[in-house]
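One structure below.
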Amino acid sequence: MKIGILISGRGSNMVALVDAVKSGEIPNSEIAVVISDKSDAPGLEKARERGVETIVIERKGRSREEHDTDIIAELQKRDVELVCLAGYMRLLSKGFIRSFDNHIVNIHPSLLPAFPGLDAQRQSIDYGVKISGCTVHFVDEGLDSGKIILQRAVEVRDNDTVETLSARILEQEHSAYIEAVRKLASQRANSA
Ligand code: GRF
């Protein structure tokens, strides 16, 4: 399965996926490209160090649709079959979602449908929930609203700060994302 990963920043989930493909933990797959909408995303260097092709496609004042058209073209050029959003900080246009219908997935740092959107870990702490976690889900036209593939629970401790909770959730994110993509790759292999 050819995978394209979209990032905007640190890229730790991207690194987890790249390394899992390289080690065979995600079998029958290849990371075709990592695309960032930010030229200074620290994840870009991490992808290059791992020998993965990287492309920067900045928005540069264009509409969401125009920006996405360029991204879709690069993904299609490489026959990407699954798009993984990994800290990609922009909403996708309808055209993007339709072009890869049911083949776009995202990782989110809460147990959806609780706390969609930005700062999910802060939202969890402010609300006072005792269990949080992460969710891998398909991307549809809503905000973090697509069908859920996999979730991992993480206990929220009384003394947690946004930073300590985020760090424990992030650990779970990496293994959850790997497991979810492995599942999708094996479904694809079985249906081929
Ligand atoms: C993660 O917490 C992810 O769940 C959210 O954005 C963050 C990205 O982190 N969507 P990284 O860039 O993968 O390190």
If you bin every alpha carbon distance in the chain into 5 Å steps from zero, what whole percent lands in each bin? 1, 8, 17, 20, 21, 16, 10, 5, 1, 0
Hey, got the dipole for the chain? About the Cα centre, +1 on K and R Cβ, -1 on D and E Cβ, debye to the nearest 20? 240
Neighbourhood charge, 13 Å Cβ-Cβ cut-off, centred on G51 and excluding it, Lys, Arg +1 and Asp, Glu -1: -1
Roughly how much of E173 is accessible, in Å² to the nearest 10, using a 1.4 Å probe? 10
So the label point goes 7 Å from the Cα of K130 along Cα→C-beta, right? Which residues of region 151-173 then have their backbone N under 13 Å from it? 155-158
How much length, in nm to one decimal, is gained on full extension between R50 and E171, taken as 0.36 nm per residue of separation minus their Cα-Cα distance? 41.5 nm
Farthest toward positive dipole pole in the chain [+1 Lys/Arg, -1 Asp/Glu at C-beta], among L165, S110, I148: I148
Whole number in Å², please: accessible area per residue of region 47-152, 1.4 Å probe, ligands, DNA and RNA not counted. 52
Return the calculated 222 nm mean residue ellipticity for the chain, to the nearest 500 deg cm²/dmol, obtained by summing -39500 (n - 2.57) across DSSP H runs with n ≥ 4 and dividing by the residue count. -13000 deg cm²/dmol
Whole-Hz couplings from phi, Karplus 6.51/-1.76/1.60, listed for region 142-153; x for Gly and Pro: x, 8, 6, 10, x, 4, 7, 9, 7, 9, 10, 8
With only alpha-carbon atoms counted, please give the Rg and Dmax of region 1-58, in Å. 10.6, 32
If each part is reduced to its alpha-carbon centroid, region 26-63 and region 153-177 end up apart, in Å, by 25
Full-extension gain between D119 and S186, please, as 0.36 nm times their residue separation minus the C-alpha to C-alpha distance. 20.9 nm
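The values are calculated or read from the model by the stated rules, or taken from the named source; none is laboratory data. Just so it is clear, the model here is predicted, and its values are computed rather than measured. Because the Cβ atoms are built from the backbone with ideal geometry, glycine has one as well, and the counts that use them run over all protein chains shown. We work out accessible area using only protein heavy atoms, side chains counted, and drop any ligands, DNA or RNA first. Shrake-Rupley method; radii C 1.70, N 1.55, O 1.52, S 1.80 Å.
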